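S.K.: To start, I am sharing the structure in question, which I have written as C-alpha coordinates.
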Amino acid sequence: MADSGSVREDSRIVIEDDWPGYSLDLFTYPEHYCGDIESVYIPHGIIMDRTERLARNIMDDLGDHDIVVLCVLKGGYKFCADLVEFIKGLSRNSSKSLLMRVDFIRLKSYLNDQSTEDLHILGGEDLSVLSGKNVLIVEAIVDTGKTMKALLEHVETFRPKMVKVAGLLVKRVPNGLGTPPDYVGFEIPNRFVVGYALDYNEYFRDLNVRHHTPHDVNASHSVWDLRG
(Lines give C-alpha, C1' and ligand atoms only; values in the text may rest on other atoms or scores of the structure.)
Protein backbone atom coordinates (compact mmCIF):
# COMPACT_ATOMS: atom_id res chain seq x y z
CA MET A 1 0.00 0.00 0.00
CA ALA A 2 2.66 2.44 -1.14
CA ASP A 3 4.39 3.75 1.98
CA SER A 4 1.26 3.57 4.12
CA GLY A 5 2.07 0.33 5.87
CA SER A 6 4.95 -1.59 7.35
CA VAL A 7 5.28 -5.11 8.71
CA ARG A 8 6.12 -5.53 12.38
CA GLU A 9 7.73 -8.53 13.97
CA ASP A 10 4.31 -9.95 14.81
CA SER A 11 3.55 -9.93 11.05
CA ARG A 12 0.64 -7.54 11.01
CA ILE A 13 0.47 -4.78 8.42
CA VAL A 14 0.46 -1.40 10.15
CA ILE A 15 -1.37 1.52 8.56
CA GLU A 16 -0.01 4.75 9.98
CA ASP A 17 -2.14 7.54 11.45
CA ASP A 18 -1.41 9.94 8.59
CA TRP A 19 -2.40 7.52 5.80
CA PRO A 20 -5.10 9.39 3.80
CA GLY A 21 -6.27 6.42 1.73
CA TYR A 22 -6.66 6.30 -2.03
CA SER A 23 -8.62 8.84 -4.05
CA LEU A 24 -12.18 7.87 -4.88
CA ASP A 25 -11.46 8.82 -8.49
CA LEU A 26 -9.43 5.62 -8.81
CA PHE A 27 -12.37 3.34 -7.96
CA THR A 28 -16.04 2.78 -8.71
CA TYR A 29 -18.72 2.74 -6.03
CA PRO A 30 -22.52 3.14 -5.84
CA GLU A 31 -23.72 6.67 -6.59
CA HIS A 32 -26.04 6.67 -3.59
CA TYR A 33 -22.94 6.82 -1.35
CA CYS A 34 -21.56 9.89 -3.09
CA GLY A 35 -20.72 12.48 -0.44
CA ASP A 36 -20.57 9.91 2.37
CA ILE A 37 -17.23 8.30 1.54
CA GLU A 38 -13.95 10.14 1.79
CA SER A 39 -11.41 7.63 0.48
CA VAL A 40 -10.61 3.99 -0.17
CA TYR A 41 -8.60 2.89 2.83
CA ILE A 42 -7.69 -0.68 1.90
CA PRO A 43 -8.39 -1.95 -1.64
CA HIS A 44 -10.03 -5.33 -2.07
CA GLY A 45 -7.01 -6.98 -3.70
CA ILE A 46 -4.81 -6.14 -0.72
CA ILE A 47 -7.44 -7.54 1.65
CA MET A 48 -7.55 -10.78 -0.32
CA ASP A 49 -3.77 -11.14 -0.47
CA ARG A 50 -3.49 -10.54 3.26
CA THR A 51 -6.33 -12.98 3.99
CA GLU A 52 -4.54 -15.68 1.99
CA ARG A 53 -1.41 -15.09 4.07
CA LEU A 54 -3.42 -15.46 7.28
CA ALA A 55 -4.88 -18.70 5.93
CA ARG A 56 -1.36 -20.01 5.38
CA ASN A 57 -0.38 -19.06 8.94
CA ILE A 58 -3.45 -20.85 10.29
CA MET A 59 -2.64 -23.94 8.24
CA ASP A 60 0.92 -23.93 9.55
CA ASP A 61 -0.30 -23.73 13.16
CA LEU A 62 -3.47 -25.82 13.07
CA GLY A 63 -3.04 -28.16 10.11
CA ASP A 64 -4.02 -31.76 10.86
CA HIS A 65 -6.38 -30.56 13.60
CA ASP A 66 -10.16 -30.53 13.34
CA ILE A 67 -11.45 -27.02 14.11
CA VAL A 68 -14.73 -25.22 14.62
CA VAL A 69 -14.72 -21.83 12.92
CA LEU A 70 -16.94 -19.44 14.87
CA CYS A 71 -17.87 -16.56 12.57
CA VAL A 72 -18.92 -13.33 14.27
CA LEU A 73 -21.83 -11.81 12.35
CA LYS A 74 -22.72 -9.59 10.68
CA GLY A 75 -19.50 -7.77 9.95
CA GLY A 76 -17.30 -10.85 9.85
CA TYR A 77 -19.16 -12.86 7.24
CA LYS A 78 -17.15 -11.80 4.18
CA PHE A 79 -13.78 -12.08 5.90
CA CYS A 80 -14.75 -15.48 7.31
CA ALA A 81 -16.03 -16.76 3.96
CA ASP A 82 -12.86 -15.69 2.14
CA LEU A 83 -10.60 -17.02 4.90
CA VAL A 84 -12.35 -20.41 4.92
CA GLU A 85 -12.10 -20.64 1.12
CA PHE A 86 -8.37 -19.95 1.22
CA ILE A 87 -7.89 -22.57 3.96
CA LYS A 88 -9.87 -25.11 1.92
CA GLY A 89 -7.74 -24.38 -1.14
CA LEU A 90 -4.53 -24.80 0.82
CA SER A 91 -5.86 -28.00 2.37
CA ARG A 92 -6.49 -29.49 -1.06
CA ASN A 93 -2.94 -28.78 -2.16
CA SER A 94 -1.00 -29.56 0.99
CA SER A 95 0.21 -32.55 2.94
CA LYS A 96 -1.74 -31.12 5.86
CA SER A 97 -5.50 -31.38 6.10
CA LEU A 98 -7.71 -29.07 8.14
CA LEU A 99 -11.23 -30.36 8.70
CA MET A 100 -13.54 -27.42 9.46
CA ARG A 101 -17.02 -26.94 10.75
CA VAL A 102 -18.43 -23.40 10.59
CA ASP A 103 -20.85 -22.00 13.16
CA PHE A 104 -22.18 -18.47 13.57
CA ILE A 105 -22.73 -16.04 16.39
CA ARG A 106 -23.94 -12.48 16.29
CA LEU A 107 -22.66 -9.72 18.56
CA LYS A 108 -24.11 -6.25 18.84
CA SER A 109 -22.18 -3.57 20.70
CA TYR A 110 -22.34 -0.52 18.41
CA LEU A 111 -24.80 2.38 18.29
CA ASN A 112 -24.15 4.50 15.21
CA ASP A 113 -20.32 4.70 15.14
CA GLN A 114 -19.74 4.28 18.88
CA SER A 115 -18.88 1.10 20.75
CA THR A 116 -21.16 0.74 23.77
CA GLU A 117 -20.82 -1.04 27.11
CA ASP A 118 -23.76 -3.33 26.30
CA LEU A 119 -22.93 -6.57 24.52
CA HIS A 120 -25.72 -8.69 23.12
CA ILE A 121 -24.85 -12.25 22.03
CA LEU A 122 -27.31 -13.79 19.62
CA GLY A 123 -27.10 -17.47 18.72
CA GLY A 124 -24.59 -18.16 21.45
CA GLU A 125 -26.93 -19.53 24.07
CA ASP A 126 -25.89 -23.10 23.35
CA LEU A 127 -22.38 -23.56 21.98
CA SER A 128 -21.94 -27.01 23.46
CA VAL A 129 -20.56 -28.09 20.08
CA LEU A 130 -17.37 -26.26 21.12
CA SER A 131 -16.74 -28.59 24.05
CA GLY A 132 -13.35 -30.27 23.67
CA LYS A 133 -12.84 -28.69 20.23
CA ASN A 134 -10.20 -26.45 18.69
CA VAL A 135 -11.99 -23.15 18.01
CA LEU A 136 -11.06 -20.37 15.62
CA ILE A 137 -13.08 -17.19 16.22
CA VAL A 138 -13.20 -15.02 13.10
CA GLU A 139 -13.99 -11.33 13.59
CA ALA A 140 -13.79 -8.45 11.12
CA ILE A 141 -12.62 -5.74 13.52
CA VAL A 142 -11.34 -5.46 17.08
CA ASP A 143 -11.15 -2.04 18.72
CA THR A 144 -11.30 -1.63 22.51
CA GLY A 145 -11.16 -5.38 23.00
CA LYS A 146 -14.14 -5.31 25.38
CA THR A 147 -16.39 -7.22 22.99
CA MET A 148 -13.78 -9.88 22.24
CA LYS A 149 -12.91 -10.26 25.92
CA ALA A 150 -16.58 -10.86 26.74
CA LEU A 151 -16.96 -13.32 23.86
CA LEU A 152 -13.86 -15.27 24.87
CA GLU A 153 -15.15 -15.53 28.44
CA HIS A 154 -18.48 -16.80 27.09
CA VAL A 155 -16.83 -19.35 24.79
CA GLU A 156 -14.60 -20.63 27.59
CA THR A 157 -17.66 -21.64 29.60
CA PHE A 158 -18.22 -24.39 27.03
CA ARG A 159 -14.74 -25.84 27.74
CA PRO A 160 -13.13 -25.86 24.28
CA LYS A 161 -9.76 -27.56 23.91
CA MET A 162 -8.13 -24.46 22.39
CA VAL A 163 -9.27 -21.03 21.21
CA LYS A 164 -7.57 -18.86 18.57
CA VAL A 165 -8.79 -15.54 17.17
CA ALA A 166 -8.38 -14.16 13.65
CA GLY A 167 -9.14 -10.47 13.17
CA LEU A 168 -8.95 -8.68 9.84
CA LEU A 169 -8.61 -5.24 11.44
CA VAL A 170 -7.30 -4.17 14.84
CA LYS A 171 -7.64 -0.54 15.87
CA ARG A 172 -5.04 1.37 17.83
CA VAL A 173 -7.12 2.69 20.70
CA PRO A 174 -6.16 4.05 24.13
CA ASN A 175 -6.76 1.74 27.08
CA GLY A 176 -7.41 -1.30 24.93
CA LEU A 177 -8.19 -4.51 26.80
CA GLY A 178 -6.62 -7.91 26.56
CA THR A 179 -4.21 -9.32 24.03
CA PRO A 180 -4.54 -8.84 20.27
CA PRO A 181 -5.91 -11.63 18.06
CA ASP A 182 -3.59 -14.51 17.21
CA TYR A 183 -3.90 -13.67 13.51
CA VAL A 184 -4.16 -10.02 12.48
CA GLY A 185 -4.62 -8.66 8.99
CA PHE A 186 -4.13 -4.93 9.47
CA GLU A 187 -3.53 -2.59 12.38
CA ILE A 188 -5.32 0.69 11.67
CA PRO A 189 -5.76 4.08 13.35
CA ASN A 190 -8.79 4.69 15.54
CA ARG A 191 -11.05 5.68 12.65
CA PHE A 192 -14.46 4.42 11.62
CA VAL A 193 -14.28 2.23 8.53
CA VAL A 194 -16.94 0.54 6.45
CA GLY A 195 -17.21 -1.91 3.61
CA TYR A 196 -16.34 -5.56 3.13
CA ALA A 197 -19.46 -6.26 5.25
CA LEU A 198 -18.68 -3.63 7.91
CA ASP A 199 -21.54 -1.19 8.28
CA TYR A 200 -22.77 2.10 9.67
CA ASN A 201 -26.30 1.45 10.97
CA GLU A 202 -26.64 -1.34 8.37
CA TYR A 203 -25.47 0.88 5.47
CA PHE A 204 -22.30 0.36 3.38
CA ARG A 205 -22.12 -3.43 3.78
CA ASP A 206 -22.49 -3.69 -0.01
CA LEU A 207 -19.20 -1.90 -0.65
CA ASN A 208 -16.42 -4.19 -1.79
CA VAL A 209 -13.56 -2.10 -0.49
CA ARG A 210 -12.91 -0.53 2.87
CA HIS A 211 -13.66 3.16 2.82
CA HIS A 212 -13.11 5.97 5.25
CA THR A 213 -16.06 8.03 6.45
CA PRO A 214 -15.94 9.20 10.00
CA HIS A 215 -13.81 6.09 9.98
CA ASP A 216 -13.87 3.39 7.23
CA VAL A 217 -16.38 1.75 4.87
CA ASN A 218 -16.57 -1.32 2.68
CA ALA A 219 -17.39 -0.74 -0.93
CA SER A 220 -17.58 -3.68 -3.23
CA HIS A 221 -14.75 -5.43 -1.40
CA SER A 222 -12.45 -2.86 0.11
CA VAL A 223 -12.36 -0.71 3.22
CA TRP A 224 -13.66 2.84 2.82
CA ASP A 225 -13.20 5.97 4.87
CA LEU A 226 -16.39 7.86 5.71
CA ARG A 227 -16.65 11.62 5.78
CA GLY A 228 -16.94 13.13 9.22
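S.K.: Over the alpha-carbon set of segment 44-191, work out the extent along each principal axis and list the three values in angstrom, largest first.
M.R.: That gives 44, 37, 23 Å along the principal axes, largest extent first.
S.K.: Given R₀ = 35 Å, FRET efficiency for ASN175-SER11 by Cβ-Cβ distance, to 0.05?
M.R.: 0.90
S.K.: So how do ASP36, ASP126, ASP25 rank on accessible area, 1.4 Å probe, biggest first, that is with the largest at the start?
M.R.: Values: ASP36 65, ASP126 110, ASP25 145 Å².
Highest to lowest solvent-accessible surface, that is ASP25, ASP126, ASP36.
S.K.: Using amide H atoms built 1.01 Å from N in the peptide plane, name the residues 5+ places from ARG172, or on other chains, whose amide H lies under 5 Å from its own.
M.R.: Those lying under 5 Å, H to H, from ARG172 are ILE188, ASN190.
S.K.: Rounded to the nearest 0.05, what FRET efficiency do ASN57 and LYS149 give with R0 = 22 Å and r taken as the Cβ-Cβ distance? Could you check?
M.R.: Step by step, r from the Cβ atoms, then E = 0.45.
S.K.: May I ask you to order 76-83, 99-106 by the average number of other C-beta atoms within 10 Å around their residues, highest value first?
M.R.: Final packing ranking: 76-83, 99-106.
S.K.: Please check which bits of segment 137-175 a label hung off SER131 would reach, taking the label as a point 7 Å along Cα-to-C-beta and the cut-off as backbone N under 13 Å.
M.R.: 157-161
S.K.: Further question on the same structure: May I ask you to derive the FRET efficiency for GLU156 and ASP18 from their Cβ-Cβ distance with R0 = 35 Å, giving the value to the nearest 0.05?
M.R.: Efficiency, from the Cβ-Cβ distance: 0.35.
S.K.: Which of the pairs LYS96/LYS171; LYS74/LYS96; LYS88/LYS164; LYS96/LYS146; LYS88/LYS146 have their Cα atoms more than 28 Å apart in this structure? Provide the component values of the computation, followed by the final result.
M.R.: Values: LYS96/LYS171 33 Å; LYS74/LYS96 30 Å; LYS88/LYS164 18 Å; LYS96/LYS146 35 Å; LYS88/LYS146 31 Å.
Listed pairs above 28 Å: LYS96/LYS171; LYS74/LYS96; LYS96/LYS146; LYS88/LYS146.
S.K.: On to the next question. Listed highest first by mean packing, meaning other Cβ atoms within 10 Å per residue, what order do 135-145, 186-196, 48-58 come in?
M.R.: By packing density, highest mean first, the sequence is 186-196, 135-145, 48-58.
S.K.: Non-local amide H neighbours of LEU98 (under 5 Å, H modeled in plane, Pro and chain starts lacking H): which ones?
M.R.: The list, which skips near neighbours in sequence, is ASP64.
The values are calculated or read from the model by the stated rules, or taken from the named source; none is laboratory data. Model, not experiment: these values are computed from the prediction. Because the Cβ atoms are built from the backbone with ideal geometry, glycine has one as well, and the counts that use them run over all protein chains shown. These accessible areas exclude ligands, DNA and RNA; they are computed on the full protein's heavy atoms, side chains included. Shrake-Rupley method; radii C 1.70, N 1.55, O 1.52, S 1.80 Å.
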